[in-house]
Amino acid sequence: MSSATPVIAIDGPSASGKGTVAQLVARQLGFHYLDSGALYRIVAFAGKQAGIPWQDEAALASLAAKLDIRFENGEILMGHDNVSDAVRSEEMSRGASEVAVHPLVRRALLGLQHGFRRAPGLVADGRDMGSAVFPEATTKVFLTASAAVRAERRYKQLIDKGNHANLAQILADIEARDARDMQRSAAPLRQCADAILLDTSELTIDQAVDAVLAIARKTSAIK
Ligand code: DC
């Protein structure tokens, strides 16, 4: 890891659009992209496959330290299996949030996350990118939107994919996940003092991408 390699840390709550925005920013800049939430999803998924309960911190941490995973062309490979869809299920959204409360699991995933910092730069997306994983990041953005707007976006995504969805249930799930992510003692979701707040409730994706690029330019992560 080179400390000269710029990192744009984008943190924020679930369904804020941060994943989409972070990937587009990375693509525009030709930077690498770290989807740190996927790592917690993979731990939840691998734990379930191995019969390890999501409360078993020690067993999950040793599993997390040995994960055989690769990110290739937007797909997540675990061993020989493509687990991209499996880890995106609502069950694994909940599982990820549950396994993420364990400090030993978080610590086991640190080295893996640092390995993504390679030239020419990294866009890191998560909850604790600016606070814990890359505290020296060049640019820190806290990207959020109101819970109601986030629930509507997730609802629309599900309906567009032909799934059945219940808006009230989605809103309740988002609020429960926000509460768990913000209230845990290990690296809770919060806006760092040096992060710039970007509320995307009223922004299109393109406007949010442009806003992040403008912040990155101002903090000179990019020219
Ligand atoms: O971004 P996501 O929805 O894929 O994240 C899934 C869960 O993982 C989220 O509820 C909290 C946890 N998480 C975390 O604790 N730290 C991160 N850097 C990223 C995600």
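Only the coordinates and a few stated rules stand behind these numbers; no lab work does. Bear in mind the structure is a predicted one, so any value in this text is a computation, not a measurement. Cβ coordinates were reconstructed from backbone atoms using ideal geometry, including for glycine residues, and neighbour counts include every protein chain displayed.
The table below lists the values:
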item	result
Cα-centre dipole for the chain with unit charges at Cβ (Lys and Arg positive, Asp and Glu negative), debye to 20	420
Estimated vicinal HN-Hα couplings, Hz - the range 133-138 in sequence order (Karplus 6.51, -1.76, 1.60; Gly, Pro = x)	7, 10, x, 9, 3, 5
Set of lysines near LYS140 by C-alpha distance (under 30 Å), chain-local residues within fewer than 8 positions excluded	LYS18, LYS66, LYS156, LYS218, LYS223
Residue-count net charge about ASP56 - beta-carbon cut-off 14 Å; Lys, Arg +1, Asp, Glu -1	-1
Shape of the range 168-223, Cα gyration tensor, a/c cut at 1.5	oblate
Simple Cβ-charge dipole of the range 1-114, Lys/Arg +1 and Asp/Glu -1, about Cα centre, in debye nearest 20	240
Share antiparallel - DSSP beta bridges, the chain, percent rounded to 5	25
Neighbourhood charge, 11 Å Cβ-Cβ cut-off, centred on ALA38 and excluding it, Lys, Arg +1 and Asp, Glu -1	-1
The chain: relative contact order in percent, alpha carbon pairs under 8 Å with at least 6 residues between	34
Percent breakdown of C-alpha pair distances by 5 Å bin, ordered from the shortest bin, for the range 103-223	2, 10, 16, 18, 19, 16, 13, 5, 1
Selected from ILE170, ILE159, ILE205 as most flexible by GNM, with the chain as the system and alpha-carbon contacts under 10 Å	ILE159
Kirkwood-based Rg to Rh ratio, the range 1-55, C-alpha trace	1.10
Charge dipole (the range 116-157, unit charges on Cβ, about Cα centre) - positive-most of PRO135, GLN157, GLY121	GLN157
Test item: Cα-centred dipole of the range 131-223, Lys/Arg +1 and Asp/Glu -1 on Cβ, debye	200
Proxy reagent accessibility, fewest Cβ within 10 Å first, across GLU175, GLU202	GLU202, GLU175
With 5 Å bins from 0: P(r) over the range 1-118, alpha-carbon pairs, percent	2, 11, 21, 23, 22, 14, 6, 2, 0
Using distinct alpha-carbon pairs, which all enter the 1/r mean, Kirkwood radius of the chain in Å	17.7
For the range 93-223: relative contact order, % (alpha-carbon pairs under 8 angstrom, 6 or more apart)	33
